Each structure stands twice: as structure tokens, then as C-alpha cells.
Amino acid sequence: MADRVTVIGWDGSPLTAAARSALGAATLVAGAAHHLALPEVPPPAERIRLGSVALAARRIASHRGTAVVFADGDPGFFGVVRTLRAPEFGLEVEVVPAVSSVAAAFARAGMPWDDAQVVVAHRRTLRRAVNVCRAHTKVAVLTSPGAGPAELGLLLEGVHRTFVVCEELGTDREQVSVVTSDKAADHTWRDPNVVIVIGGPAGPVGAGESGWIAGRDPGTGPRGWALPAEAYGGDLGEGESELLRAAQLARLGPRVGDLVWDIGCGGGAFATDAARAGAAVIAVDRDREACARTDASARHYGVQLQIVHGTAPHVLENLPEPDVVRVGGGGAAVVSAVADRRPQRIVTHAMTRDAAELVGRDLTEHGYRVECALLQSVELDTRAWTETERSVAFLLSGVLPDRPA
């Protein structure tokens with residue numbers, strides 16, 4: 001095992017005295033090509049071009065001597081420190097930090113970033129990164145080859161965002177460009193880059209008082225998983241009662257990084273509730289008035305929705321793949337079309353047992369594990385303890401066992 005492992009963050013600034021000291025004693029240096037070309041790297045030292053960090057960690061673990069690992073930006077922020085410290089390698093590291101590329105990108109843009117979401121986009125995580133960009137007003141995306149600004153822009157089709165693309169930060173080729181998301185695919189972008197994605201109804205970037213927690217403030221808006229009908233302008237219809245929505249939300253569990261379809265969004269109560277949980281939401285309805293009410297609800301609570309006017313199941317064909325789906329209208333035919341797209345969870349309701357059995361059989365045939373519960377709620381006026389409203393519905397949910405939760 002290496003006698004000493006030092007991880008040096010590099011942001012283009014001259015190396016600190018601590019970094020130069022560690023580098024001068026190194027018998028092995030790992031880093032990208034531009035790191036290994038630095039004049040401070042000792043000529044006799046073994047050099048490892050850093051591709052797979054895990055492979056480099058294995059080589060360092062077997063090295064007898066002093067090792068240095070270079071990383072761009074702060075190596076402890078979505079960086080190599082996590083891999084090097086993994087139990088399978090047994091490495092204890094010293095870290096010489098630098099300004100993270102996210103901090104540098106926001107500095108170049110002249111924006112605060114304590115209220116930003118930060119995500120990493122690889123080929124395997126690109127879709128989830130895009131969903132965060134759909135759902136939040138300020139997101140920094142640490143990109144990678146094949147999951148860069150062009151791919152982000154393509155997958156955000158139908159959602160307008162502004163991109164601040166920061167290429168090769170800290171080098172003499174650094175460049176900062178501002179484009180709209182629909183134009184990002186028209187450019188060829190240099191790696192490495194960071195993309196700041198801005199947009200939505202939350203007001204001017206940087207406006208207002210400073211917060212108390214980094215990222216999305218979980219305390220924004222009223223408390224509760226499912227707000228009462230009065231919060232959405234009054235009567236919402238039989239499929240959007242507060243208790244039924246709460247049960248649907250509990251079954252689906254929408255979260256940051258998910259894309260939720262709300263088909264038959266009605267007054268927008270469920271779509272807004274799911275967006276308040278941090279998920280990206282596409283709300284679909286054939287009624288233009290319902291779409292307008294949903295848009296008004298989203299704006300009132302400062303959440304971002306993509307609203308699609310059209311009739312399911314046909315309108316669903318060109319929508320991006322969902323993680324979880326709530327079918328508020330359309331019956332068994334729409335549920336079947338949704339199941340063909342293989343979301344991890346589907347929830348719907350039926351007013352009769354026959355309708356519930358029909359939907360349940362179809363979900364089972366599609367390979368879903370089906371649960372059904374008869375929900376009855378009675379609202380009481382607590383001044384006189386008299387009944388004010390009664391509702392009964394069959395709640396159906398399907399979980400796809402072969403898809404990760």
C-alpha cells in the first residue's frame with residue numbers, strides 16, 4: 001500500500017505550497033493529461049492517466065511509495081475522494097482542496113448558488129438529471145461525454161430553460177455561453193463543462209432573502225402531503241378528494257429525480273402536490289379549462305409543471321418515459337396504455353367493483369403486482385359532529401417488480 005496518498009484539487013490556479021510539497025515527494029502521480037503535463041510533476045514519478053478511478057485506486061493500493069492524485073475542482077465534491085476512501089481499497093488520503101467547478105461556474109455567471117440543486121449527469125443518470133432540471137428553477141449539472149449540454153437540451157423538449165454553459169473552467173480555453181435549451185443541441189461543446197440551468201416561475205434569480213439550507217428549501221409552502229380542496233379553488237371532483245390524493249401520493253412516493261405523469265389532471269391538485277415533493281411532473285388533460293386551472297395552481301404554489309393538452313392514450317405517445325403515473329381519468333384503456341410504457345408504479349381509482357376488477361386484471365397481465373383497497377371517508381363538522389360529506393372509491397396500485405424503486 002502507498003505510504004501516503006494526497007489528493008490535489010486543481011482549478012487552474014498556481015499550486016499551493018502544500019500541493020507542491022506533496023507533489024515533489026511523489027513516486028506515483030495520477031491525473032488527467034493536463035495534470036500530468038504540469039511542470040511540477042517529478043520526472044522520475046510513475047504516471048497514470050486517470051480514466052477509471054477504481055482502476056487507479058487499485059494501482060495506488062499496491063504501490064510502495066508516495067502517491068498524488070489530481071482532480072479538477074474540489075475532489076471532495078462529487079469527486080475522486082469518495083472512491084479512494086472506499087473500504088475495498090483501504091486508502092487513507094490527505095486532501096488539498098480547490099474551488100469546485102460548480103462554485104466557479106456560478107461565480108462566472110455572477111449568481112448565488114446556495115439555492116441551487118446540483119446533479120451529476122452520466123449516461124446512466126442523464127434522465128434523472130433532466131427531471132431535476134424540469135422540476136427546479138436553478139440547477140447545476142456536472143456533465144460528462146455523452147451527457148452534456150446538447151443531450152440536456154434534447155431531453156428538455158417542450159420545457160423552456162436558459163443554459164449557462166461553462167467550458168474548460170480554469171484554463172486558458174475557458175468560455176462561458178448563454179443559450180436557450182432548445183438551441184443547446186445546435187452547438188458542439190468542449191469537455192469538461194458545467195451547465196447552469198435556469199427557468200421557472202419562482203421569480204428573478206438571486207432575488208429575495210437568503211435561506212437557511214442549501215438546495216431546495218423543504219419548508220416552502222404549506223404543510224401537508226395533500227392540500228384540501230379549498231387550497232385549489234374549491235370543488236375538485238370525486239377523483240381528487242384530499243384523502244384519496246394522500247393515499248395515491250403514499251402509493252407512488254414521488255421524489256426528486258422522478259418524472260410523474262398525471263393523466264386527467266383536473267384542477268391540478270395531484271400534479272401540484274407531486275411537484276411540491278420535488279418531482280418533475282407532466283400533467284395531461286383533454287379539457288383546456290382543466291389545463292388552465294392546473295397551470296394556475298402550479299403558479300400559485302411556485303412549482304414547475306409541464307402541461308399537455310390532449311386526449312389519452314394517444315397524447316402519451318411522444319411524452320418522455322415516466323417513473324410513476326397517476327391515472328385520474330380515462331379508465332382501463334388508459335391504464336393499459338400506461339402499463340405498456342413500464343413505469344415502476346401506477347395508481348388509479350375506480351368507483352365500482354367491476355371497474356376495479358377490470359383495471360386490476362389488466363395490470364396483472366402486464367406483470368404488475370396489484371393492490372386494491374376500498375377507501376371510505378366521512379367528513380364531519382366538529383362543531384356538531386354531523387356528517388358533511390361522504391366518498392367511497394376503490395384505490396388500485398400496480399408495482400413492477402423487475403424495475404428498481
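The values are calculated or read from the model by the stated rules, or taken from the named source; none is laboratory data. Being a predicted model, the structure only gives us computed values, none of them experimental. Neighbour counts are summed over all protein chains in view; Cβ atoms, including those assigned to glycine, are modelled from backbone coordinates with ideal geometry. SASA here: full protein model, heavy atoms, side chains in, ligands and nucleic acids out. Shrake-Rupley method; radii C 1.70, N 1.55, O 1.52, S 1.80 Å.
As for the range 277-287, it holds at least one residue that is farther than 22 Å from residue 377 by Cα, at pLDDT below 95 and of a type outside the set (D, E, K, R). Is it the case that the range 122-139 has a residue that's in contact (Cβ under 8 Å) with a residue 12 or more places away in the chain, out of contact with any His (no Cβ under 6 Å at 6 or more places or on another chain) and within 30 Å of residue 19 (Cα to Cα)? Within the range 122-139, one or more residues are in contact (Cβ under 8 Å) with a residue 12 or more places away in the chain, out of contact with any His (no Cβ under 6 Å at 6 or more places or on another chain) and within 30 Å of residue 19 (Cα to Cα). Can you confirm whether the range 65-80 contains a residue that is within 37 Å of the chain's Cα centre (by Cα), closer than 30 Å to residue 122 by Cα, of a type in the set (D, E, K, R) and surrounded by fewer than 18 Cβ atoms within 10 Å (Cβ to Cβ)? Looking for residues that are within 37 Å of the chain's Cα centre (by Cα), closer than 30 Å to residue 122 by Cα, of a type in the set (D, E, K, R) and surrounded by fewer than 18 Cβ atoms within 10 Å (Cβ to Cβ), one finds none in the range 65-80, hence no. In the condition set (1) in contact with a strand residue (DSSP E or B) (Cβ under 6 Å, 6 or more places away or on another chain); (2) touching a residue at least 40 places away in the same chain (Cβ under 8 Å); (3) hydroxyl-bearing (Ser, Thr, Tyr), residue 352 is compliant with all but (1).
Scanning the range 84-113 for residues that are open to solvent by 60 Å² or more (accessible area, probe 1.4 Å), in contact (Cβ under 8 Å) with a residue 24 or more places away in the chain and over 17 Å from the mean Cα position of the chain (by Cα) yields 92, 94, 95, 97, 99, 108.
Select, from 137, 143, the only residue that is among the β-branched types (Val, Ile, Thr), open to solvent by 10 Å² or more (accessible area, probe 1.4 Å) and at pLDDT 95 or above. Every option except 143 fails the conditions.
Filtering the range 18-48 to residues that are farther than 15 Å from residue 2 by Cα, of a type in the set (A, V, I, L, M), open to solvent by 10 Å² or more (accessible area, probe 1.4 Å) and touching a residue at least 12 places away in the same chain (Cβ under 8 Å) leaves 18, 32, 33, 36, 38.
For the range 181-191, the set of residues classified as closer than 19 Å to residue 108 by Cβ, open to solvent by 50 Å² or more (accessible area, probe 1.4 Å) and not acidic (Asp, Glu) consists of 187, 190, listed by residue number.
For the range 294-308, filtered to residues that are touching a strand residue (DSSP E or B) at 6+ places or on another chain (Cβ under 9 Å), part of a helix (DSSP H, G or I) and not small (Gly, Ala, Ser), the residue that is least open to solvent (accessible area, probe 1.4 Å) is 294.
Cβ-Cβ contacts under 6 Å between residues 6 or more apart (or on different chains), taken from a first residue in the range 258-280 that is assigned to a strand (DSSP E or B) to a second residue that is small (Gly, Ala, Ser), are listed as 259/280; 260/274; 260/279; 262/271; 262/283; 263/312; 280/135.
Those strands (runs of 3 or more DSSP E) of the range 309-405 in which 1 or more residues are open to solvent by less than 10 Å² (accessible area, probe 1.4 Å) occupy 324-327, 345-350, 386-399. Residues of the range 200-243 that are in a helix (DSSP H, G or I), open to solvent by 50 Å² or more (accessible area, probe 1.4 Å) and either under 20 Å from residue 278 (Cβ atoms) or at pLDDT 70 or above (or both): 230, 242, 243. Scanning the range 49-68 for any residue that is closer than 17 Å to residue 193 by Cα, free of Cβ contacts under 8 Å to residues at least 40 places away in the same chain and in contact with a Ser or Thr (Cβ under 9 Å, 6 or more places away or on another chain) turns up nothing.
As a summary of the residue check, residue 310 satisfies the conditions (1) touching a residue at least 60 places away in the same chain (Cβ under 8 Å); (2) within 27 Å of residue 161 (Cα to Cα); (3) among the small types (Gly, Ala, Ser) except for the one numbered (1).
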